Amino acid sequence: MKRNLMMIAPLALAACTATADEPPQFTEKQAQKLEKQLAGKTPGKPVSCISAFPRTEMIAINDRVVLYKVSNKLVYKNELLGSCSGLKYGDALVLTLHSSQYCRGDIAHTVDLPAGIHSGSCALGDFIPYRAEPKG
């Protein structure tokens, strides 16, 4: 029995890794929401950290993609490492700040705020800046 468990563990780890490497899938509604938020903006080079201040608006697209809206001209797209399944049910994404930045690898938790129940956790990925082109 012990040998069977030793064989299953690497398979389970491989399954987790495969899903983390797959690009996020979107429903039509989620794709429209993402497109609306990023319309007219051009993606830039990914960065590992962004400032937590000034306060940004967090917009959950699905359980794998979160946007951090700094302004109408700047939005960061974050593809989470793993999925925060609670996001698809409307749970809040809660981050504990250890500095003045959100960084790749920071652990986020999903929480059903009215019930106070922890529903999942994941890690932040790289932040891809989307900037509006200057008019002129």
Taking every pair of Cα atoms in segment 50-136, average 1/r, invert it to obtain the Kirkwood radius, and report Rg/Rh to two decimals.
1.00
Report the FRET efficiency, 1/(1 + (r/R0)^6), for Gln37 and Ala115, where r is their Cβ-Cβ distance and R0 is 30 Å, rounded to 0.05.
0.60
Please list, or write none, the aspartates and glutamates whose alpha carbon is within less than 19 Å of the alpha carbon of Lys41, excluding same-chain residues fewer than 8 places away.
Glu57, Glu79, Asp126, Glu133
Given the pairs Lys45/Lys88; Lys33/Lys77; Lys33/Lys88, which are separated by over 21 angstrom at their Cα positions?
Lys45/Lys88
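A short reminder: the numbers here are calculations on the coordinates, not readings from a lab. Since the model is a prediction, treat every value here as computed from it, not as a measurement. For neighbour counting, all protein chains shown are included, and Cβ atoms are generated from backbone atoms with ideal geometry for every residue, glycine included.
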